[in-house]
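Just below is one structure, and these are the notes that go with it.
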Amino acid sequence: MTAEWEAGRLDSDLEGAAFDTLAVRGGQRRSPEGEHGEPLFFTSSYVFRSAADAAARFSGEVPGNVYSRYTNPTVRAFEERIALLEGAEQAVATSSGMAAILATVMSLCSAGDHVLVSRSVFGATVTLFEKYFKRFGVQVDYVPLIDLDAWAQAFRPNTRLLFVESPSNPLAELVDIAALADLAHARGALLAVDNCFCTPVLQKPLNLGADIVIHSATKYIDGQGRCLGGVVAGRAEQMKEVVGFLRTAGPTLSPFNAWVFLKGLETLRLRMLAHCASAQALAEWLEQQPGVERIYYAGLPSHPQHELAKRQQSGFGAVLSFEVKGGKDGAWRFIDATRMISITANLGDAKTTITHPGTTTHGRLSPEDRAAAGISDSLVRVAVGLEDLADLQADLARGLAAL
């Protein structure tokens with residue numbers, strides 16, 4: 001290996017490069033073999049030149065690979081590419097999106113710290129905070145995402161972290177990220193934003209003032225429903241703590257999954273633009289259908305936060321939710337009547353998916369917690385894929401006909 005390869009120097013200068021260039025080439029290093037594609041490093045450990053070299057690597061005195069639980073060239077390429085796309089100093093990859101949330105809170109919070117969480121978050125996120133973080137002494141309160149006054153009133157002297165999804169899953173609620181960041185920083189707290197629904201193509205929370213951005217790479221970053229993974233990005237100061245947690249606890253990303261995600265990033269912007277275009281058209285069509293009682297999509301002028309979405313996002317995303325007539329029975333009839341769309345709880349796939357949040361993604365919540373989060377029995381969530389728009393509309397029409 002050359003000195004440049006071991007030291008982790010990029011073989012090309014990407015300073016000032018545009019998003020699409022960074023998405024294709026960011027973080028890539030070439031070995032002396034001169035490979036054009038990103039190499040896939042399948043190895044658990046690394047061989048050192050000497051005992052002294054090993055000691056220097058393990059201590060961090062000399063940079064380089066130590067053990068693939070927390071240093072792997074393929075994973076590092078993915079981390080650096082995400083950091084470039086999000087405008088972060090550093091990114092840290094994890095084994096799943098939930099592992100990214102776990103690593104963030106375990107790294108930055110201690111027993112006795114207080115965390116404020118937006119009420120409309122993914123069901124498993126609520127379970128993680130309620131069942132596990134609280135068990136270890138982290139205090140947690142939930143706040144309506146859109147209500148800045150409620151956020152201000154919920155602060156305590158020991159509030160350490162604010163955690164939000166914006167847009168939220170599944171109701172596409174938004175928070176003014178810049179305003180919430182100002183509020184957090186004035187009280188000495190950090191703001192973490194789950195950016196899974198938008199990706200850095202549509203929204204860059206760090207540029208809006210957030211401290212940490214979190215992704216489930218399983219979703220749009222992969223884009224084809226193949227692999228699990230997550231990533232946390234932010235300032236090097238905080239990410240050093242996250243790396244320390246991963247080095248010890250081990251919920252790290254596999255090299256193969258990192259390689260898949262690198263390939264996904266190459267087409268991320270193109271895919272997101274296509275996803276958004278179809279979602280907008282379907283939302284406008286669904287809003288006019290008599291079987292649909294209410295639709296949640298920020299791209300519609302009828303959405304109460306449409307103007308905020310226009311300000312802080314460059315697109316409206318591809319997840320839309322709507323309430324249908326007939327309660328739970330109507331929602332299930334609608335879902336079961338579709339013939340092409342996949343009935344699954346995943347999203348961000350090239351294949352359009354449909355699910356009933358009340359009995360799947362948010363099914364472990366109590367009825368009271370679901371009601372507080374706005375998850376009704378009649379709610380259906382569709383994550384719009386890349387199929388032909390007319391075919392998607394025809395399949396949703398089958399659902400409407402079953403109501």
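The values are calculated or read from the model by the stated rules, or taken from the named source; none is laboratory data. Fair warning: this is a prediction, and the values are worked out from it, not measured in the lab. Here Cβ is always computed from backbone atoms with ideal geometry, including for glycine, and neighbour counts include all displayed protein chains.
Structural remarks
- Qualifying residue in region 333-347 (condition: small (G, A, S), over 26 Å from L145 (Cα atoms) and touching a Phe, Trp or Tyr at 6+ places or on another chain (Cβ under 9 Å)): no
- Where helices (runs of 4 or more DSSP H) sit wholly within region 313-403, those with at least 2 residues that are in contact (Cβ under 8 Å) with a residue 40 or more places away in the chain and basic (K, R) occupy 327-337.
- Top-ranked residue in region 112-136 [being among the aromatic types (F, W, Y) and under 19 Å from the mean Cα position of the chain (by Cα); ranked as farthest from G188 (Cα to Cα)]: F122
- Region 12-67, subset in contact with a helix residue (DSSP H, G or I) (Cβ under 6 Å, 6 or more places away or on another chain) and of a type in the set (G, A, S), residue surrounded by the fewest Cβ atoms within 10 Å (Cβ to Cβ): S31
- Test: residue in region 89-103 that is modelled with pLDDT of 95 or more, part of a loop (DSSP other than H, G, I, E, B) and within 16 Å of the chain's Cα centre (by Cα): yes
- Some residue of region 170-183 being surrounded by fewer than 17 Cβ atoms within 10 Å (Cβ to Cβ) and of a type in the set (G, A, S): yes
- The set of residues from region 163-175 being over 18 Å from G97 (Cβ atoms) and either of a type in the set (S, T, N, Q) or in contact with a helix residue (DSSP H, G or I) (Cβ under 6 Å, 6 or more places away or on another chain) (or both) comprises just one member, L174.
- Residue in region 52-68 that is assigned by TED's automatic domain parsing to the domain that holds A192, under 27 Å from A210 (Cβ atoms) and in a loop (DSSP other than H, G, I, E, B) present: no
- Screening V175, V105, V140, V75 for residues that are in contact with an Asp or Glu (Cβ under 8 Å, 6 or more places away or on another chain) and either not assigned by TED's automatic domain parsing to the domain that holds H303 or not hydrophobic (A, V, I, L, M, F, W, C) (or both) leaves exactly one candidate, V140.
- Of all residues in region 129-144, those being over 25 Å from A178 (Cβ atoms) and surrounded by fewer than 20 Cβ atoms within 10 Å (Cβ to Cβ) number 8.
- Residues of region 110-124 that turn out to be within 16 Å of L162 (Cα to Cα) and either surrounded by 20 or more Cβ atoms within 10 Å (Cβ to Cβ) or not assigned by TED's automatic domain parsing to the domain that holds G229 (or both), as a count: 8
- Only residues that are in contact with a Leu (Cβ under 6 Å, 6 or more places away or on another chain), polar (S, T, N, Q) and surrounded by 21 or more Cβ atoms within 10 Å (Cβ to Cβ) were counted in region 239-282, giving 1.
- Top-ranked residue in region 2-45 [being of a type in the set (S, T, Y) and not in a loop (DSSP other than H, G, I, E, B); ranked as modelled with the lowest pLDDT]: T21
- Matching residues in region 114-144 - criterion: being assigned to a loop (DSSP other than H, G, I, E, B), closer than 17 Å to E368 by Cβ and either in contact with a Gly (Cβ under 8 Å, 6 or more places away or on another chain) or basic (K, R) (or both): R119, S120
- Screening region 145-169 for residues that are surrounded by 24 or more Cβ atoms within 10 Å (Cβ to Cβ) and of a type in the set (A, V, I, L, M) and picking the one that is nearest to S107 (Cα to Cα) gives L162.
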